[in-house]
Each structure stands twice: as structure tokens, then as C-alpha cells.
Amino acid sequence: MLFERLMLEINQAGLSWLTILNKRAAFRAAFAGFDIDRVAAFGVDDVERLLADAGIVRNRLKIAAAIENARRIQVLRQSHGSFPCWLVAHHPRPLDAWTQLFRKSFRFTGGQIVNEFLMSLGYLAGAHEPDCPVYVQIAALSPPWGRPAPAWTFHSIRQMSI
């Protein structure tokens, strides 16, 4: 689900969300249901197929980013267990530190994409101001931006079991 969310966020860059949401089913079909391992195995023929698919955003850089980011998530699985565990291991961070980390770890992930992606997951506040009634409701749900960093990380648990 996080891979799909990141890929839709990347494809939304420069376009409206309505456009992306209207193309969501076509993205799911074109990118093998956002199955990380299947997308990571895409080759030249798949890129050409995607570039010819009018149902999705036909941007070579965004398509290449989807494939490469799937491969990078495979690496994150080896180092952290999963993409969600990788996020938890790096929480909390301010936006600029998250952006640097994402730029180092993924392709096509600038500040705005990282901000919107992490805000949508609750890792960064900002969707609502503190004086907004919805902010109080969201804060009551204990999103990651409202919690301290965990006392453990995947790495510390892994080292304890060695």
C-alpha cells in the first residue's frame, strides 16, 4: 500500500489529484497491482508497454522511478524488514531531513512529494493547523507526528537476536 501511495504521489507531481485518482485503476493494472517484486522485475519491454498505456501518466522518468523504487524497497526489506519498518526506524525527523533521506533512498522524491507522502501517512503534521477542530480529532488518533521516537529500532532488535 505504501509503494502504491508513493508511486501515485510521484505521478501526481505537476498534475491534479483528480487526474491521478481517475487513473488509479489503470495504474494498478499497468503496475501489476503495485506488487513490489513484480514491478522490480520490469524490463525494457515493460517500460515500452507503460509508455504506450494512455490510461496512466506516460512519463519516462516517472516510470523509471517506479521500477527503480520497487528495487530499492526490496533492499529496504533486507535492511529493515519492510518499507513501514524503514519509516519507523527514521522517525521522527523534520521535513528537510526526511527529504534528504528520501532523495538518497529513492528516485523522483523531491521536497513536495516527500512532504505530501509523509503528511498523508501521519509522519508529518501540517494538513491541519493546531486551532482547527479537525487537528484535535487527528491528534487524538495519535499519528506518528504526535508520538515520540520508538525506544527500539529494527536494527536494535536484530542485533539482540544475533
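The values are calculated or read from the model by the stated rules, or taken from the named source; none is laboratory data. Only a predicted model underlies this, so the values are computations on that prediction, with no experimental measurement involved. As a convention, Cβ positions derive from the backbone with ideal geometry for all residues, glycine included, and neighbour counts pool all protein chains shown.
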- Task: Mind counting the residues in segment 38-53 that are loosely packed, with under 15 Cβ neighbours inside 10 Å and either at pLDDT below 95 or within 19 Å of Ile10 (Cβ to Cβ) (or both)?
- Result: 3
- Within segment 73-99, count every residue that is closer than 20 Å to Ala30 by Cα and surrounded by fewer than 16 Cβ atoms within 10 Å (Cβ to Cβ). 1
- Query: Before we move on, is Arg107 charged (D, E, K, R) and either at pLDDT 85 or above or closer than 23 Å to Ala70 by Cβ (or both)?
  - Reply: yes
- Within segment 69-83, is there a residue that is of a type in the set (Ser, Thr, Tyr) and in a loop (DSSP other than H, G, I, E, B)? yes
- Kindly indicate the residue of segment 27-37 that is within 13 Å of Glu4 (Cβ to Cβ) and touching a residue at least 24 places away in the same chain (Cβ under 8 Å) and also surrounded by the fewest Cβ atoms within 10 Å (Cβ to Cβ) among those meeting that condition. Ala29
